[in-house]
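What follows is a set of notes on a single structure, which appears directly below.
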Amino acid sequence: MQLGLTFSDVLLVPKRTPLKSRSEANVQTRFTKNIQLNIPLVSSNMATVTEHKMAIALAREGGLGIIHQFCSVEEQVQEIKRVKRITSYMVENPITVSPTVTIKEAVEIMENESVTSLLVVLGTQLIGIFTNKDYQFEDDWNKNITDVMTPKNRLITSYPGVSLEEAKRVLHKHRIEKLPLVENGELKGLITTKDIRKLENWPNAARDAKGKLRVGAALGVNNTIERARALIDAGVDVLVLDAAHAHSDFVIQRVKELKDNFAIDIMVGNIATADAARELCEAGADGLKIGIGPSPVCTTRIIAGAGIPQLTAIIDVARIAREYNVPVTADGGMKTSGDVAKALAAGAHTIYSGTLFSGTKEAPGVVIFKDGKRFKKYSGSASYESSHARKESQNGTKIQRRMDVFVEGVSSLVDYKGAVEGVIRSLVRGVQSAISYCGARNIEQMHTNAKFIQITSSGWEESKSRGKEMSE
C-alpha cells in the first residue's frame with residue numbers, strides 16, 4: 001500500500017545557494033501551456049473568494065484570479081469585463097450611449113459599469129463625451145445629456161494606433177484626462193490618464209498582449225460550450241473546467257469538445273493520480289488542477305472516504321504531466337507560505353487556493369463583527385450554504401425551507417485579513433526564501449533541486465513557534 005504524505009509530513013532539505021539575496025529568486029512561472037504569470041499564485045473559483053475585485057488584485061501583483069461559475073452566464077461575463085476594463089493602454093470598446101438618454105439614465109449606467117465617463121454616439125459617429133464633472137452641480141437630472149456634455153467640436157481626439165508616448169504628450173499638452181480615438185468620425189477606442197497611471201503603477205502585473213489584466217473563468221460540465229463561448233467573447237484569457245472528480249468519461253469528453261471548438265487554454269481538475277493526469281493530457285488539457293479533499297472547507301475525504309494526501313498527489317501528477325509539457329497547479333491544503341513552497345518544490349508550477357485569499361477585503365461578502373473581532377464567511381463550493389445560494393440565484397427567489405442536497409463541504413468564519421496585497425507579498429517572499437534554500441534560482445530549478453525529508457510528528461512540533469503571542 002502506497003504511503004500518502006502531505007505538507008506537514010515533510011521539510012525541504014537546505015542546500016547551498018547561488019543567490020546573494022533571496023529577493024533575487026525568480027518566481028515567474030506558467031499556469032497553462034500558454035499563460036505566463038509573474039508570481040505562482042492563483043485564487044480559487046469559489047463564490048466567497050474570487051469575483052472581479054480579487055481577480056484584479058491578483059493580476060496586478062502578477063498572479064491570476066479565476067472568476068467562479070456559481071452565477072448566471074451574464075453575471076460571470078460582466079465580472080470578466082470588469083477585470084478587462086480596469087487597466088488597459090487602450091479601451092477598445094468604451095461604454096457608449098445614444099444622445100437621447102437623460103442625465104439620470106447616464107449616471108445609472110456609469111454606476112453600474114463602474115466608469116467615470118460615457119462617450120455619446122449617433123450610430124458609430126462620436127458626437128460628445130459625458131463625464132461626472134458635467135452633472136456635479138446640475139439640479140435637473142431629467143435633462144438630456146446633450147445639454148451638458150462636451151460636444152465633438154470641443155473634444156481633443158487622436159487616431160487608432162497612437163503610441164503610448166504620443167498619447168501621454170497630447171493628454172499633458174491639453175490638460176485632459178480622456179482621449180477618444182476616432183477614424184473618419186467613427187469612435188474606435190479611448191485612452192485615459194487613469195489607465196496610463198495604472199499601467200505604470202503595476203509593472204509586475206500579468207497582462208495580455210493588449211496590456212489588459214489577465215483573468216480566468218471556471219465552468220462546469222453542464223452548458224459548457226455555451227458558457228465558454230460567452231466568456232471567450234468577453235475576453236477571458238483561460239478557462240478552468242472544474243469538476244470535483246475530473247477523472248471521468250464525461251469530463252474527458254468535455255475537454256475534447258472545448259479544444260475542438262475554441263483556441264484557448266483549458267485547465268482541468270480536480271485530479272490526484274498519475275492515471276488521471278495521463279488521460280487528461282492526451283485529451284488535450286493545457287493544465288491540470290490537483291487536489292481531492294485537502295481544503296479545510298471540503299469534506300470529500302470524510303463523506304466519500306476518497307482522496308490522496310496533497311503532497312503525494314502533486315508528485316504523482318506532476319511526474320506524468322512533465323512528459324506532456326503540461327503545467328500543474330496545486331489546489332488546496334496550504335495554510336502557510338511554507339506549504340506553498342513545498343507544493344511548488346514537489347512539481348507544481350502554481351498554487352490554487354481559496355483559504356489563503358479568503359477573509360480579505362477583496363473577497364466577496366461583508367465583514368462580520370463577532371465577540372469584538374472581524375470575520376468574513378468562507379464556504380466550500382460543495383457546502384450546503386453554497387448550494388442554497390446557487391439555487392436561489394438560479395430561481396431568482398428566496399428559498400425558506402431547507403433543501404435536500406448532497407453536501408461535501410462546510411462553511412466557516414475566517415479572520416478578516418485586510419487587503420489581499422499584503423497576503424500576496426508575504427507568500428511571494430516565502431517562496432523566494434524556499435527557492436534559495438533549495439539551491440535554485442527559479443521555480444523550474446526548484447523542481448530539479450528540491451529534496452524532501454520525511455519527519456515525525458515530534459519533528460513537526462519542533463518546527464512550530466512556541467513563544468507566547470504578544471497581545472495587540
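Here the convex hull built on the C-alpha positions of region 195-257 has a volume of 107 cubic angstrom per residue. Using only side-chain charges placed at the Cβ, +1 for Lys and Arg and -1 for Asp and Glu, the dipole size of the chain relative to its Cα centre rounds to 1340 debye. Taken about its Cα centre, region 96-195 carries a charge dipole of roughly 480 debye when the Cβ of each Lys and Arg holds +1 and the Cβ of each Asp and Glu holds -1. Ranking Phe137, Ile176, Ala234 by Cα position along the charge dipole of region 131-276, where only Lys, Arg, Asp and Glu carry charges on their C-beta atoms, puts Ile176 farthest toward the positive end. Pairing the Cα long axis of helix 103-113 with the longest principal axis of the chain, what angle in degrees results, from 0 to 90 and rounded to the nearest 10? So the inclination is approximately 20 degrees.
Between Glu113 and Ala419, how high is the FRET efficiency from 1/(1 + (r/R0)^6) when r is the Cβ-Cβ distance and R₀ = 22 Å? Nearest 0.05.
Numbers: r = 24 Å, r/R0 = 1.09.
The formula returns an efficiency of 0.35 here.
Once each part is reduced to its C-alpha centroid, what is the distance from region 71-114 to region 22-47 in angstrom? That distance is 29 Å. Of the options Phe7, Ile66, Ser43, report the single residue whose Cα projects farthest towards the positive end of the charge dipole of region 1-135 (beta-carbon charges: Lys, Arg +1; Asp, Glu -1). The residue sitting farthest along the positive end of the dipole is Phe7. Shape summary: region 5-163 maps onto an equivalent ellipsoid whose semi-axes, from the alpha-carbon gyration tensor, are 45, 20, 14 Å in decreasing order. Three principal axis extents describe the C-alpha atoms of the chain; from largest down they are 77, 61, 56 Å. Checked against a 28 Å cut-off, the cross-linked pairs Lys20/Lys361; Lys212/Lys335; Lys335/Lys370; Lys15/Lys335 give Cα-Cα distances beyond that limit for Lys20/Lys361; Lys212/Lys335. For the chain, the mean residue ellipticity at 222 nm estimated from helices alone is -10000 deg cm²/dmol, where every DSSP H run of n ≥ 4 contributes -39500 (n - 2.57) and the total is divided by all residues, rounded to the nearest 500.
Say R0 is 56 Å: what FRET efficiency, to the nearest 0.05, do Met1 and Leu199 get from their beta-carbon distance? Rounded to the nearest 0.05, the efficiency is 0.55. Binning the C-alpha pair distances of region 146-277 at 10 Å intervals from 0 yields a P(r) profile of 10, 29, 21, 19, 14, 6, 1 %, listed from the shortest bin outward. Each semi-axis of the equivalent ellipsoid for region 96-195 is √(5λ) with λ an eigenvalue of the Cα gyration tensor; in descending order they amount to 24, 15, 12 Å. Taking 10 °C and 1.306 mPa s as conditions, region 1-95 diffuses translationally at an estimated 96 µm²/s according to Stokes-Einstein applied to its Kirkwood radius (Cα pairs). Reported value for region 191-343: 147 Å³ per residue, from the convex hull of its C-alpha atoms.
Bear in mind these aren't lab numbers, they're just calculated from the coordinates by the rules spelled out. Only a predicted model underlies this, so the values are computations on that prediction, with no experimental measurement involved. Neighbour counts are summed over all protein chains in view; Cβ atoms, including those assigned to glycine, are modelled from backbone coordinates with ideal geometry.
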